[in-house]
Structure formats: C-alpha cells, structure tokens
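Report on the following structure.
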Amino acid sequence: MLTPRVFISLIKVMKLMNKRFQSVAKLLSMVVIGVASSVHAAEVVNVYSARHYDTDLEVYKNFETSTGIKINLIEAASDTLIERIVNEGKYSPADLLITVDAGRLYRAEDRDIFAPAGSELLDQRVPAHLRHPDGLWYGLSKRARVIIYRKEDGEPEALNTYLDLAKPEFEGQICVRSSSNIYNISLLASLVSHLGEEAAEDWTKSVVANFFRKPQGNDTANIRAVASGECRVSIVNSYYIARLIDNDDADGSAVGIIFPNQDSTGTHVNISGGGLLKHAPNRDNAIKLLEYLTEADAQSLYVKGNHEYPIVGDAEVVGVLQNLGSFKEDTINASALGENQATAVQIFDRAGWY
Ligand SMILES: [Fe+2]
C-alpha cells in the first residue's frame, strides 16, 4: 500500500535519480563535445613519401610546430606508393605523394592519382618549368646530373657536354649506373627532347661503346670507381658528391665536377616534388604543407641537410653545395622528361645500356 510516507520517499528517490540522470547527461554531453572538438583540433595530413632523408623529418617537425597540423608519414619506394594509392582508390587516406625525379611524378600523373592544387602561391614560387602546367605536381628541390672525373688525372680535355661523352677518345673510360635507374632515363629523355630520337640514340650507342664495364652500382659506387682510378669519368647526381665531401669522405674530394652544356642547353636538372592526391581527405592541409615546403626555412634545410638546390630563387645555396660552383641549368619543362620516358627506355634497350 502506498502510504504518504512511502510516497514522499519515492518522490525523493525520483528527484535524486533525476539529478543523477542530469549529471550523467551533462557529463555525456561534455564528453561528446570534447570528442567533437578534439576531432576538430586533430588536424592531420597524411604523406606518402619516397624520399628517405633525415632532413625531411626535420622539415616535417617544423611544419607541425608552426601549424599544429600533424603529419602522418608512410615511406616506401615510389612505384610501391603509387600502386598503393591506385589500389586504395577513393578510400585512400593519402593526401600527398612526395617523390624524387620528374619521371616518377609523371608515372604517378599517368595513373591519374593527382588533383590540381590550385595554389596561386605555389604557382608564383615554383618556376613554370619545374611544375606541372595544371598544378598536378610541384618541384620542391633540384639536383643536377653532372659529369665527374678524377682530379689526380686532371680534367679531360674537350669534355664539356653530355655529347662529348660519345667521343672515341673516351673508349673504355666511362662508368655509370644501369639504365633502369630513373635518373638516367630522365637525362636521356632530356636529350630526346633537345636532339630528337635518332640523334639521342646515336649518342647512347656511342656512350655504350665507351663503357669501361657493364653498368653497375648506384651513383655513390660510381663516384668511388672514379675516385679510385678504376674509371676516368662518370655521370652522377650532384648531392651524392656533396654528401661524401660533407662526411669528410676522401672519395668526394677526389673527383672534379663538370657542369655540362654551359654554352648550350644547360646542365640537366631534375626535381624532387610532390602532388595533391585526388581523394585526399585533408586537402587544405596538404596544400598548406606543399606551400610550406617552398618557404625559405624548408628550402634552406633541403640545401643544408640534403645538398639539394632550392627550387625558389630567394633560398641561399650554402656550404659544400656552394663550393661545387654555380651553373646554368637546362630549363626544359620537367613534364617533357616524363613524356619522353618510354622513348628513352626503348633507346637504352636498343643501344645495349642495361
Ligand atoms: Fe638519389
């Protein structure tokens, strides 16, 4: 039976429960708001990168500090990352692909994974020949593909251009890495652009005839082969020489550098670069990162830390890289290197540069 006493007690219990319920509800709403705001605050950008340099980690850390945007980084070989992005399709978490060599950026472009960044700032900062005409990718740093010789033996006479490497006097004197390497593919692609396919093939055959040995090793191994006197000349990327010198490795200082084609088209340069991905979940942050990478601070870290040339004009070339000397660069559009990639590979095959 519901006596007045029991009734009053019941009311008290209900009031208490109601109070508790309100507290729980309040707490729950605070949690929900907290989660929602932390989701909002947890700004991220997901980067797939084929660059494996400590310098990049430093640059990314600086970006995180100055913007509060966290970078989630996945590193792998360029072709692996491109394949992964294609397979992930519209569910890909990747916002940005960063890789080395215009030839590889072209491969990514060819798989239709990029979207135009539409950044006026990037269009202003990155020279037109070092970015995609529609903003699908942008150069972030530069490297020169130079000819090297052993200083002790003196600079070879009449060796001023890539074409000079085809001269018969260099028979049995050239060491170089395989043609499967993108750096050589892009170099030959530039020659195809400048000279046409036929002349580029003649050059390739003559250079092959001058090989000291079958192509082998990476650029550093070929620097060492020249430094030791095994071969007289080689073709390598500039930053490998600077890196050896910076590490007080005697092989770096043992080789002299020729910046080819100074009286004509300029030395072949390639880029490392990045592009916004089509299904990027954090599009704005990806563009912010690309823009940050072209700022003076990031650019100078590329120079100091990785011995790459800056992509923007106002960044200073210092240290070892400065000591290598200045040069006139080939201003062929980096897109052309990709477009002539297949032709270059066929020429290498026909010429026997494997
Ligand atoms: Fe490299």
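Based on the reciprocal of the average 1/r between different C-alpha atoms, the Kirkwood radius for region 152-199 equals 12.5 Å. Axis angle, to the nearest 10 degrees, between helix 4-41 and the longest C-alpha principal axis of the chain: 10 degrees. Consider all pairwise Cα distances in the chain and report the whole-number % of them above 33 Å. Percent of Cα pairs beyond 33 Å in the chain: 38. The largest-to-smallest principal axis extents of the Cα set in region 155-272 are 42, 32, 29 Å. Comparing Thr343, Thr294, Thr99 in a Gaussian network model of the chain, where Cα atoms under 10 Å apart are tied by springs, the biggest mean-square fluctuation is seen for Thr343.
Around Leu301, with a cut-off of 11 angstrom between Cβ atoms, what is the net charge of the other residues, counting Lys and Arg +1 and Asp and Glu -1? Result for the local shell: -4. Estimated from the Cβ-Cβ distance and a Förster radius of 41 angstrom, the FRET efficiency linking Glu83 and Asp297 is about 0.80. Summarised as an ellipsoid, region 226-354 has semi-axes of 29, 23, 14 Å, derived from the eigenvalues of the Cα gyration tensor scaled by 5 and square-rooted, with the largest first. The slack between Asn72 and Glu157, meaning 0.36 nm per residue of separation minus the straight C-alpha distance, is 25.5 nm.
Sort out for me the Cα centre separation of region 147-174 from region 209-284, rounded to whole Å. Using only Cα atoms, the two centres lie 16 Å from each other. Along the axis of the charge dipole computed for the chain (Cβ charges of +1 for Lys and Arg, -1 for Asp and Glu, origin at the Cα centre), the listed residues Ser326, His307, Gly68 are led at the positive end by Gly68.
Net length available on complete extension from Tyr91 to Leu121 is 7.9 nm, with 0.36 nm assigned per residue and the Cα-Cα distance removed.
DSSP bridge analysis restricted to the chain gives an antiparallel fraction near 65%, rounded to the nearest 5. Working from Cα pairs under 8 Å separated by at least six residues, relative contact order for the chain is 26 percent. Spatially close Lys pairs in region 61-174, defined by Cα atoms under 23 Å apart and a spacing of eight or more places or different chains, total 4.
Every number in this text was worked out from the coordinates using simple rules, so none of it is lab data. Computed from a predicted model, the values in this text were never measured in an experiment. All Cβ positions, glycine included, derive from the backbone under ideal geometry; neighbour counts span all protein chains shown.
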